[in-house]
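Down below is the structure, laid out as structure tokens.
The values are calculated or read from the model by the stated rules, or taken from the named source; none is laboratory data. Just so we're clear, the structure is a prediction, and the values are computed from it rather than from any experiment. Counting neighbours? That spans all protein chains shown, and the Cβs are built from the backbone with ideal geometry, glycine included.
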Amino acid sequence: MDLLRTSRSDRVFLTHAWFRCWWDAFGDDGQLFVVCVRRGGRLVGVAPLRLTRSRFRGFPVRKLSFLANAYTEEADFIVAGPEGRVVQAILAHLARPRRAWDILDLSRVRETSALWEHLPDAAPACGLSFVTRPDICVPYISITASWKEFLGRRSRNFRKTLNKRRNAIGKSPEHVRVELLASPDEINGALPEMVQVSSRSWKAERQRALGDKPSDLAFIDRLSTELGARGWLNIWMLRHGETPVAYEYHLKYRDVTSPIRADFDEAHRAIAPGAYLEYSIIHSLFDDPKRNVREYNTCADAYAYELRWTDNLRAHSRAWVFAPSWYGKALRALGGLRRPHRKGRKTTLASCRTTC
């Protein structure tokens, strides 16, 4: 944790607890491949990677990639000290003879990270070629102003929509309430109701409900135990009468809250339970007098329904780095992707719509 706290990347998706839960649930198809850099005996860099068999442009490859999937908002090297030298040391180790990989897939990297800043110089210095493309643009809400000030900056149509949702809830024949589950016992006891709501959501028809994949269920169960005990989890549950009809599953780390999973019961679509729950959560964050949360990180791409809430976007990019072998060079020729790496890409709504 000391290395993470002194890096640019001090976020929950790069903590050891997150990686342990992720690997236990999703690591069956790969092999851990973690590179550590020390300077004078002190740890100054970690590349948390895994090695898998995959395909690139239809060709079989041995791929190195982050411990990441759809639950992961961002991935990165963890770097402190002389950042450029540490990034180069990691890449130099990967480029050594008798390497075990053909392609290094660096996805969901923030464009403000040390890795992204130093990759253009470090990779060629190690004899590695690479190509890049924009990845997700993540909307986020800064919890700094008052609720009234924040809402006043949103569009009139959006404010009218929020009023309609509140009115629909108010007309419901049964009482509707929002619960915040924060204690370890509450969090560990919520999983059956989350599975129940998810099984009645639109995701069930596409085999994407929480209970459809054992790995997803195991991951959420492990997170609830490990991160719940650390105070890093909140679950927001919406009840219609006594029936759970929507939930959001939030990681809470430092002063940022990040919903990594949400579902709502399709049978209650008339009262828009998912949208109402989201509204209730965001409103409560602004109304909290302690202001323990300073940012609501959507963990989503720049979808229209998220952009109604905020104009703030955080750009991520992806790089494919090719091994300095004849096969790696052939894969590079097949890449057909853009290079050079674009420093300082301006993050706007227009750019996200065209590149993400």
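Just give me the residues in segment 289-306 being modelled with pLDDT under 90 and either in the same structural domain as G231 (by TED's automatic domain parsing) or exposed (fewer than 15 other Cβ atoms within 10 Å of the Cβ) (or both), in sequence order.
P289, K290, R291, N292, Y303, A304, Y305
Within the group I187, I141, which residue is out of contact with any Phe, Trp or Tyr (no Cβ under 8 Å at 6 or more places or on another chain), farther than 30 Å from D102 by Cβ and modelled with pLDDT of 95 or more? Don't jump to the end; show me each part of the working.
Values: I141 fails: out of contact with any Phe, Trp or Tyr (no Cβ under 8 Å at 6 or more places or on another chain).
On inspection, the qualifying residue turns out to be I187.
Could you list, in sequence order, all residues of segment 37-84 that are in a loop (DSSP other than H, G, I, E, B) and in contact with a Leu (Cβ under 6 Å, 6 or more places away or on another chain)? Explain how you work it out, then say what you get.
Our first condition is that a residue be in a loop (DSSP other than H, G, I, E, B); within segment 37-84, this holds for 40-41, 57-58, 67-77, 80-82.
Residues satisfying the conditions are R57, D76, F77, A80.
Which numbered condition trips up R85, out of (1) over 22 Å from the mean Cα position of the chain (by Cα); (2) buried (at least 20 other Cβ atoms within 10 Å of the Cβ)?
Just one mismatch for R85, condition (2).
Residue check: is S54 under 18 Å from the mean Cα position of the chain (by Cα) and either hydroxyl-bearing (S, T, Y) or surrounded by fewer than 19 Cβ atoms within 10 Å (Cβ to Cβ) (or both)?
Numbers: under 18 Å from the mean Cα position of the chain (by Cα): no; either hydroxyl-bearing (S, T, Y) or surrounded by fewer than 19 Cβ atoms within 10 Å (Cβ to Cβ) (or both): yes.
Criteria not met by S54.
So, of the residues in segment 143-173 that are in contact with a Lys or Arg (Cβ under 9 Å, 6 or more places away or on another chain) and exposed (fewer than 15 other Cβ atoms within 10 Å of the Cβ), which turns out to be nearest to F219 (Cα to Cα)?
Checking each candidate, the answer is T144.
Taking L51 as meeting all but one of (1) over 27 Å from T298 (Cβ atoms); (2) out of contact with any strand residue (DSSP E or B) (no Cβ under 7 Å at 6 or more places or on another chain), write down the number of the exception.
(2)
With the checklist (1) among the charged types (D, E, K, R); (2) modelled with pLDDT under 95; (3) more than 27 Å from W309 (Cα to Cα) in hand, flag the one item D255 doesn't pass.
(3)
Does L94 satisfy being surrounded by 16 or more Cβ atoms within 10 Å (Cβ to Cβ), modelled with pLDDT of 95 or more and touching a Gly at 6+ places or on another chain (Cβ under 9 Å)?
Values: surrounded by 16 or more Cβ atoms within 10 Å (Cβ to Cβ): yes; modelled with pLDDT of 95 or more: yes; touching a Gly at 6+ places or on another chain (Cβ under 9 Å): no.
The answer is no for L94.
Within segment 105-139, track down each residue that is out of contact with any strand residue (DSSP E or B) (no Cβ under 6 Å at 6 or more places or on another chain), in a helix (DSSP H, G or I) and farther than 20 Å from A323 by Cα.
Residue satisfying the conditions is E117 alone.
Would you pick out the residues in segment 287-329 that are in a helix (DSSP H, G or I) and in contact with a strand residue (DSSP E or B) (Cβ under 9 Å, 6 or more places away or on another chain)?
Answer for segment 287-329, where residues must be in a helix (DSSP H, G or I) and in contact with a strand residue (DSSP E or B) (Cβ under 9 Å, 6 or more places away or on another chain): E306, L307, Y327, G328, K329.
Can you pull out every residue in segment 22-71 that is touching a Pro at 6+ places or on another chain (Cβ under 9 Å), farther than 24 Å from S215 by Cβ and β-branched (V, I, T)?
Once the filter is applied, which keeps residues that are touching a Pro at 6+ places or on another chain (Cβ under 9 Å), farther than 24 Å from S215 by Cβ and β-branched (V, I, T), segment 22-71 yields V35, V44.
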